[in-house]
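Report on the following structure.
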Amino acid sequence: MNERGAQSRMKVALARIGHERGLLLVGLFKLSKAIFFTAVGAGALDLVNKDVGSVLLHVADVMRIDPEGRFVGFLMDHVGLINSQELKRAGILSFLYAAVCVVEGTGLVLEKRWAEYFTVFLTALGLPWEGYELMERFSPYKVGLLVINLAVLLYLLWILKKRRQEEEEEGLG
């Protein structure tokens, strides 16, 4: 019986190594989102009280994008719709979302159970909105985002279910 118990514990330990890699991957993904949204927030707040059109033309020039092209023309047509108040709001919301991503990512990298539940809750909360956005205006980017978030959600639900089963087996053994 001792040999069987040791084999069972070994299987659980080996299975957890894969879980740790998966949690690490999801955690690093969340931390990379935090870096991205921190940069977006800083960029939005940096543009407050600036002529966004001039900044756009300067960026297009630096990146050697034709200022008379369709892409820059589209952006120039819409840049006037953004005011300082909206830039402030976008910056603050980006920083708040980045903070949430730091909490999720750090908790997942450290394999904290609360982070798994927190990420499941937040990811599930955002899925209806993502579905609505996809139906409103289809884009491959939105499909990719939805697929990634569904994969993260399903993976974390699977992890939580496996851990619950392992705890029940340990309690019976």
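Read the figures in this text as sums done on the coordinates, not as results from a lab. Note that the coordinates shown come from a computational prediction; the quantities given were computed from them, not determined experimentally. Because the Cβ atoms are built from the backbone with ideal geometry, glycine has one as well, and the counts that use them run over all protein chains shown.
Which residue fluctuates the most in the chain, going by a Gaussian network model with Cα springs under 10 Å, if the choices are Lys33, Lys142, Lys88? Of Lys33, Lys142, Lys88, the most mobile in the Gaussian network model is Lys142.
Comparing Leu25, Leu57, Leu87 in a Gaussian network model of the chain, where Cα atoms under 10 Å apart are tied by springs, the biggest mean-square fluctuation is seen for Leu57.
Each Cα pair under 8 Å and six or more residues apart adds its sequence gap; the mean of these over the residue count of the stretch 34-132 is a relative contact order of 36 percent. For the chain, the longest principal axis of the C-alpha atoms and the axis of helix 2-47 are separated by about 10°.
Just add up the charged neighbours of Leu45: K/R +1, D/E -1, any other residue whose Cβ is under 11 Å from the Cβ of Leu45. Local net charge: +2. Counting only lysines at least 8 places from Lys162 when in the same chain, those with an alpha carbon closer than 25 Å to its own are Lys11, Lys30, Lys112.
As a calculated quantity, the FRET efficiency between Asn83 and Ile35 at R0 = 25 Å, using C-beta atoms, amounts to about 0.40.
Report the FRET efficiency, 1/(1 + (r/R0)^6), for Leu122 and Glu166, where r is their Cβ-Cβ distance and R0 is 25 Å, rounded to 0.05. Spell out each step's value before the answer.
Working: r = 25 Å, r/R0 = 0.99.
The calculated FRET efficiency here is 0.50.
Counting other Cβ atoms within 10 Å of each Cβ, which GluC sites (Glu not before Pro) in the stretch 12-115 have at most 11 and sit in a DSSP loop?
Working: sites: Glu20, Glu68, Glu86, Glu104, Glu111; in loops: Glu68, Glu111.
Listed in order of number, the matching sites are Glu68.
The simple spin-label model puts a point 7 Å past each Cα toward its Cβ; for Tyr132 and Arg113 those points are separated by 3.4 nm. Between the entries (1) 55, 35, 35; (2) 77, 30, 29; (3) 58, 48, 46, the label attached to Cα extents along the principal axes in Å calculated for this structure is (2). Here the Gaussian network model covers the chain, with springs between Cα atoms less than 10 Å apart; of Leu160, Leu125, Leu24, Leu125 fluctuates the most.
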